[in-house]
Each structure stands twice: as structure tokens, then as C-alpha cells.
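Reviewing the structure listed below.
Throughout, read-outs are computed from the coordinates displayed, never taken from laboratory work. As the structure is a prediction and not an experimental result, all values here were calculated from the model. Note that we place each Cβ from the backbone using ideal geometry, even for glycine, and neighbour counts take in every protein chain shown.
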Amino acid sequence: MIAQAEQKYGRTPGSVRLIGASKAQPTSAIRTLAALGVTAMGENYVQEAIKKQQDLADCDLEWHFIGHIQSNKTREIATHFAWVHSVDRTKIARRLAEQRPATAPLLNVCLEVNVDAQAGKSGASLAELDELARAVSELPRLKLRGLMAIPEPREEFAAQRRAFAKLRQARDRLNSLGLGLDTLSMGMSADAEAAIAEGATLIRLGTALFGPRPSDRPRPPT
Ligand SMILES: *Cc1c(COP(=O)(O)O)cnc(C)c1O
């Protein structure tokens, strides 16, 4: 599906990378995907992720933190992940920079943007983004790579594209200020094709890859 979409929308072959969104999935399912060639997993909950990382230490997976970041979890995130997609305030970025171990490679960071300005959702507003990006780009131990968004669910393909286009334009604008961002983390199971059409470089697939999350599956009748 990814290769087809790359071709259909004129994207460079291999420019879109798949991340398994593995929250609530058992280690056995992750192991199966790793054996099939999926190289990166995204997790939303720190304790669940660390447990899985220990169980899957032999799998050579790259771990991405894609969930909401509580400030009391930054040390574990800074220690146990290669990427963080969901930085939306300077305070969190400062903590990650202070807590990233000096021996580890730079922590790859995406800034989460609330592209649809949804009330009560995480993500920086488009208005706050310049200041946040400048601040994060100056922090040690972090490498600012790009932007991430979870737009409001929409049925219509063209409407999905419009939301992702806003993130792409925000990235282009930051790059015109010299930030050198190479990453757009956008697209989930229901809207990945629209995200690829608008320039996604990382897509985060859960149900399309693993099937329904165990907690979402209908229970067998008892
Ligand atoms: C769960 C999740 C996904 C994957 O969602 P699906 O609809 O199952 O593909 C992607 N990104 C984030 C941040 C998630 O929490």
C-alpha cells in the first residue's frame, strides 16, 4: 500500500517509513511484524513500552514515543526512546534535553501541532509553533526533525488532505526560516493515503497493521 501510494502521488520510492502503532498489542504480535520487516514501533504509554522493549530486546526495533507526554515521565522517555513525536511545549522539551543521557545519540523530536485547533487536544497551535520550534532547535541533546499531527477524523479524502496540507505548509514555513526539518509524522489507518499524498515521511499504523486492538475487539459471548 505504501509503495503504491508513493507512486500514485509522485513521492520518491522509499520516502515514507512505516511505524507500527503498537499500544495495547501483545509482544507476540510485535515480534511477528518485526520478523516481517517492520523496523520501528510507536508506543503511547511509558510503562507498557518499557516492558515490551525488555521482552523484545532481541528484535532490534527502533522505539518512538507517540503518546501524550506527562512531565513526570520525561526522564523515562529521554532514556528509552530514539524518537519522540509529541512534544508540544518548551517545558517538556527542556526536561527531555536535560535528561537525555550524554552517552545516547541525540533524541529525535517532532513537534505535535493541533492543526484543527480542537479544544482540549494536545499539540501546539499554529500560532505558537515558530517560537516553540526555535526554542527546541536550540536545546542540546535533541535533534528537531519535524512536525506531527493527529487531525480530526474525516471521511472525505479531500478534507483529510486539507488537514495534512496545513502541517506540510507549517513545515515548509519553518524551513524557510532555516530550521531544516525533514520529517512529517502524519497519517493513521483511516487517513494514511491522504497523508502520503501531502508529504508524510512517517506514517503511524495501528489497526491497519495489527488488526483491532485487543481492548477494542468484541468479546466472545459467554
Ligand atoms: C493509536 C495511534 C495511532 C494508530 O491508530 P490506528 O487508527 O489504529 O492506525 C497513530 N498515532 C497515534 C498517536 C496513536 O495514538
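Counting neighbouring Cβ atoms within 10 Å and putting the fewest first, the residues 164, 157 line up as 157, 164.
Segment residue 207..residue 177, full-extension length gain: 7.1 nm, with 0.36 nm per residue of separation and the alpha-carbon distance subtracted.
Beyond 30 Å between alpha-carbons counts as too far, so tell me which of 52/166; 8/73; 52/143; 51/166; 51/121 fall in that bin. Going by Cα-Cα distance, 52/166; 8/73; 51/166 fall outside the 30 Å limit. Local charge for residue 92 was computed over the other residues whose Cβ lies under 14 Å away, with Lys and Arg +1 and Asp and Glu -1, and equals +3.
Sorting the segments 144-155, 165-176 by their residues' average number of neighbouring beta-carbon atoms within 10 angstrom, most packed first, yields 144-155, 165-176.
By the beta-carbon count within 10 Å of each Cβ, the least crowded to most crowded order of 185, 28, fewest first, is 28, 185. Taken as entire DSSP H runs, the helices of the chain that both span 18 Å or more between Cα atoms along their own long axis and average -1.0 or more on the Kyte-Doolittle scale are 157-176. Assuming charge only on the beta carbon of Lys and Arg (+1) and of Asp and Glu (-1), the dipole of the stretch 1-157 about its Cα centre is about 360 debye to the nearest 20. Highest mean packing first, where packing is the average number of other Cβ atoms within 10 Å per residue, the peptides 88-98, 10-20 line up as 88-98, 10-20.
Classify the stretch 27-135 as rounded, prolate or oblate from the Cα gyration tensor: take a ≥ b ≥ c as the square roots of its eigenvalues, call it rounded if a/c is under 1.5, otherwise prolate when a/b beats b/c and oblate if not. The shape class here is prolate.
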